[in-house]
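See below for the structure under consideration.
The values are calculated or read from the model by the stated rules, or taken from the named source; none is laboratory data. From a predicted model like this one, the values you see are computed outputs, not experimental measurements. Neighbour counts run over all protein chains shown; Cβ positions are idealised from the backbone, glycine included. Accessible surface is based on the protein model in full, side chains and every heavy atom, while ligands, DNA and RNA are left aside. Shrake-Rupley method; radii C 1.70, N 1.55, O 1.52, S 1.80 Å.
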Amino acid sequence: MGAVNQRKDSGGTAAPVRAKRGAAGSASERRDHLVKLAAELFARKGFQATTVREIALEAGILSGSLYHHFDSKETIVDEVLRTFLEDLIARYRAALDTRTDPRSVLAEMVRIGFGTLEDHRAAITVMQNDWNYLRSLPGDRFDYLVRAEDEVERLWVEQIKSGQAAGQFRPDVDPKLTYRMIRDTIWVTVRWFRPDGRLDTDALADHFGKLLFDGLATGERASRPS
């Protein structure tokens, strides 16, 4: 329900007046639109090279108008990255809550990772290109990037270790190294993946899953030449 204020009518009695939502809704939508525009610029030009003036120009507004919504471009990229990381971690945790078999959990996490290439393409690109710069900025504003990275790594490594303990995964592979190779494969895909291309993100996940779980070579590992 909308907020209710009280005003007196001509007869002196209190009459409820409902606050209008139109302006607030429009402001929120406008803010989201600006974030998306800025994210695309950051992905295309790089965060450092993108100016507030360019963001405003892309949005068709004056630079001063942008400051009605954001106090700096750091605030904008902050929102872009936080939204991505919070969504990613929430999806991973949901996969852990709905599946108990380590292999099926890992397969779903692979699917989730590839699935973010469309919804968060710009954020993933910024993470790859501007991670070191953002981490070098004064203060602790972007310290959450490291915390989020550590949390994601923990979720993956625990599943790989669980699969090894259950006999589903090879015991002779390093869980952390395996995770990092999977992570890099997924995120680098953003550089060449096109939503209108031959494969969608589900097809990419399926193909990668075959390589991850079944390998490239045919036959038993024991039959490989030394």
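A few notes on this one:
- If you plug the beta carbon distance of Ser26 and Val52 into 1/(1 + (r/R0)^6) with R0 = 25 Å, you get a FRET efficiency near 0.70.
- Accessible surface of the chain, 1.4 Å probe, proportion on carbon and sulfur as whole %: 51
- Reported label for calculated Cα Rg over 2.2 N^0.38 Å given (i) 0.97; (ii) 1.37; (iii) 1.03: (ii)
- Length added when fully stretched, Asp184-Glu86, from 0.36 nm per residue minus Cα-Cα: 33.4 nm
- Dipole size of the stretch 126-226 about its Cα centre, with +1 on Lys/Arg Cβ and -1 on Asp/Glu Cβ: approximately 260 debye, rounded to the nearest 20.
- Here is how the number arises for the chain: DSSP H runs of 4 or more residues each give -39500 (n - 2.57), the sum is divided by the residue count, and the result at 222 nm is -21500 deg cm²/dmol.
- For the chain, the solvent-accessible area works out to 62 Å² per residue, with a probe of 1.4 Å and every protein chain left in place.
- Using the Cβ-Cβ distance between Thr98 and Leu211 with R0 = 25 Å, the FRET efficiency computed as 1/(1 + (r/R0)^6) comes to roughly 0.55.
- Among residues other than Glu86 with Cβ under 14 Å from its Cβ, the summed charge is -2 (Lys and Arg +1, Asp and Glu -1).
- Among the lysines of the chain, pairs at least eight places apart or on separate chains and with Cα atoms under 22 Å apart come to 7.
- Theoretical gain in end-to-end length, Glu158 to Ser63 [0.36 nm per residue, Cα-Cα removed]: 29.5 nm
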